[in-house]
Structure formats: C-alpha cells, structure tokens
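Q: Sending over a structure as structure tokens; questions will come in a sec.
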C-alpha cells in the first residue's frame, strides 16, 4: 500500500497545474515515502483536463479522475478518498496558494497522536473581502461546534485513513470535515502553514459561498447532534413554542373569565394561537424525520465519472487502466 496519497480537487486551474505538480513531486521525492497524487477534475471548462492527462502520461505517481460536469468540491474529495490507496491522505487546493512544502509538517503532526491535522493560514495573502468573512465564519463554527480551529476551511489537511473511511461526504459539507471527525472522537489538530497570493485563475469565493457556509453549518449541527433522533431537535423547539402559546392563551382565558372579554388583547391571542400551531407542526415534522431516519440512506452516489486514469500501484506490474 502507498504511504501517502495527495488528493487535489481541480476546477478551472489550467495555469497552475504543471507548476503545482512539479512542487508536489519535489517535496514528496525528498520526503522519502511512497506516494501518489490523485487529481479530480470537477468538470473544468478550461484546459485543466488536458493538462492533467499530460501529467498522467509523464508521471506514474499521478492518477486522474474526471467528472462529466461540475459536482462541487465535496464530491471531488469523496471520490478522491475512494481512489486513494495511501494510509495517510493529504488534501491540497490546485490554485498554488497552499504550499506543498507544508505537507511533511502535517504528516509529522499526525505522528504525534492526531488523526486529522488542518492547516492554519495565519498570514493570509487574500483581500479583506475574503479574510474578514472567513474570521467571522470560523468564530461562529468554533462557538457552535466546539471545534477550536482558526481556519476550518483551509484546503491543506492531512488525515489518517480511518478518518476518510469513516466519514462520508455529500452536499457541500467538505469544509466541516474536522467537525465530523471531532464528533466521532477522532483527535483533531492544527498547525500554521504558509499561504501565497493567487497567481493564476480566479477565486471561487463569493458572497453566495459565505451564506451557503452558514446554512451548511445548520446542517452539520443537525447531522452531528440529532441524526439518530431528530425528534429531540424538532420536538424541543416545538415544545417550547407550544408551551409559550398555551401560557399566553391561559392568561387570556383567565382575563376572559374575569371580565368576559380579553380587554383588547386580540394580537396577543393571535400570537398564542400561532405559537401553538407552530409547536404542533414542529413536533409532527420531528416524527416524520424519525420515520425517514429509520428508513435509512440508500447510498446513491451524487456524481458521474467520465474517465479514470491510473497506473496502478507505483512500482507494481499493474496495467494502466482507463474507463
């Protein structure tokens, strides 16, 4: 089995791929461990796939997986984890902003008892439009999940194989991998890493991604805390609403019994009725979620692979295969 697998999700990064591969090769050849580099083309619209095919032809350490269309970074990482054969898996973005020379440092940190080590871009070479929202997001995630990382969304991470085998990615939840690992009682760590300014291509960051991040955080809270019993989540909120609604209407009932009217408190009556209805609806939603949870997940994959390029295990006699 290969010692280290490096998984690289790629989307429209034609200009950086040759330089990235050279840097990765320089680092890993000096590191002294067997390795492979798994590139996953997430339906790029530029010449990224062509560059990857050229890299594959020239280097037996390279693997390439190509999606038929764009499915997102989570799907790219998920199939990258499936294709990787290493006992240690490292992820790195393809835009050259993460420094491959940090990979040995991440792997050494795993040797100190960690199962997942995340990079921390302490000195980011990004505009304020990215750094400020990122700090806000990281602060909220740390408060909401208990995972005290400075930079949870850093693409440069190292994992033990058990972590990637245990956690199944879907949707756009890749940025929360440390949270999922922490909730499964894996040991999560962090080290500062070097960060570079973007040289090629365009950033994929935008306000939509920032807002989606907070919506995904709600999903993570639900999935990690209430997957086995969603009724506890919906039932608690619904119970609070119903209790307050009953309380309001109980007070109004007392006023009506005393004065034979509610003394002009019609808006308060409407609020009480609304809260009672919401409470019942949320409890019902929780019951339906319980039924869905019990039905189980069918495990349907959310992506379609167009091609795979693999030399087999490096150093073996396996034939090159393409599908």
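Q: Surrounded by fewer than 14 Cβ atoms within 10 Å (Cβ to Cβ), at pLDDT below 80, within 25 Å of residue 15 (Cα to Cα) and under 17 Å from the mean Cα position of the chain (by Cα) - does that describe any residue in the range 195-204?
A: Scanning the range 195-204, I find at least one residue that is surrounded by fewer than 14 Cβ atoms within 10 Å (Cβ to Cβ), at pLDDT below 80, within 25 Å of residue 15 (Cα to Cα) and under 17 Å from the mean Cα position of the chain (by Cα), so the answer is yes.
Q: Among the residues that make up the range 140-150, is at least one of them part of a helix (DSSP H, G or I) and over 16 Å from the mean Cα position of the chain (by Cα)?
A: The first filter runs over the range 140-150 and keeps only residues part of a helix (DSSP H, G or I), leaving 140-145.
Keeping just the survivors that are over 16 Å from the mean Cα position of the chain (by Cα) gives 143.
Yes, the range 140-150 contains a residue that is part of a helix (DSSP H, G or I) and over 16 Å from the mean Cα position of the chain (by Cα).
Q: Return the residues of the range 127-140 that are surrounded by 17 or more Cβ atoms within 10 Å (Cβ to Cβ) and out of contact with any helix residue (DSSP H, G or I) (no Cβ under 6 Å at 6 or more places or on another chain); say none if nothing qualifies.
A: 134, 138
Q: Read through the list (1) in the same structural domain as residue 77 (by TED's automatic domain parsing); (2) modelled with pLDDT of 75 or more; (3) surrounded by 14 or more Cβ atoms within 10 Å (Cβ to Cβ), then give the number of the only condition that residue 185 fails.
A: (3)
Q: Something else about it: Hey, can you tell me all the residues within the range 285-298 that are exposed (fewer than 14 other Cβ atoms within 10 Å of the Cβ) and at pLDDT 75 or above?
A: Scanning the range 285-298 gives a single hit, 288.
Q: Out of all the residues in the range 157-175, which are under 22 Å from residue 71 (Cα atoms), touching a helix residue (DSSP H, G or I) at 6+ places or on another chain (Cβ under 6 Å) and at pLDDT 90 or above?
A: 164
Q: How many of the residues making up the range 109-126 are touching a helix residue (DSSP H, G or I) at 6+ places or on another chain (Cβ under 6 Å), at pLDDT 90 or above and assigned to a loop (DSSP other than H, G, I, E, B)? Lay out the reasoning, then the answer.
A: Just the residues of the range 109-126 that are touching a helix residue (DSSP H, G or I) at 6+ places or on another chain (Cβ under 6 Å), to begin with: 115-118, 124.
Filter again for at pLDDT 90 or above, leaving 115-118.
So of that shortlist, the ones also assigned to a loop (DSSP other than H, G, I, E, B) come out as 115.
Residues flagged as touching a helix residue (DSSP H, G or I) at 6+ places or on another chain (Cβ under 6 Å), at pLDDT 90 or above and assigned to a loop (DSSP other than H, G, I, E, B) within the range 109-126 amount to 1.
Q: Assess whether residue 130 counts as being under 22 Å from residue 11 (Cα atoms), assigned to a helix (DSSP H, G or I), modelled with pLDDT under 90 and in the same structural domain as residue 212 (by TED's automatic domain parsing).
A: Taking the combined requirement at face value, the residue satisfies it.
Condition check ((1) at pLDDT 80 or above; (2) in contact with a helix residue (DSSP H, G or I) (Cβ under 7 Å, 6 or more places away or on another chain); (3) in the same structural domain as residue 136 (by TED's automatic domain parsing)) across all residues:
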site	(1), (2), (3)
221	no, yes, yes
236	yes, no, no
249	yes, yes, no
263	no, yes, no
283	yes, yes, no
300	no, no, no
308	yes, no, no
322	no, no, no
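Q: Residue under question is residue 8, and the condition is that it be in contact (Cβ under 8 Å) with a residue 40 or more places away in the chain and surrounded by fewer than 23 Cβ atoms within 10 Å (Cβ to Cβ); does it hold?
A: Values: in contact (Cβ under 8 Å) with a residue 40 or more places away in the chain: yes; surrounded by fewer than 23 Cβ atoms within 10 Å (Cβ to Cβ): no.
No, not satisfied.
The values are calculated or read from the model by the stated rules, or taken from the named source; none is laboratory data. The shown structure was predicted, so the numbers you read here are calculated from the model rather than taken from an experiment. In this analysis, Cβ positions are derived from the backbone assuming ideal geometry, glycine residues included, and neighbour counts consider all displayed protein chains.
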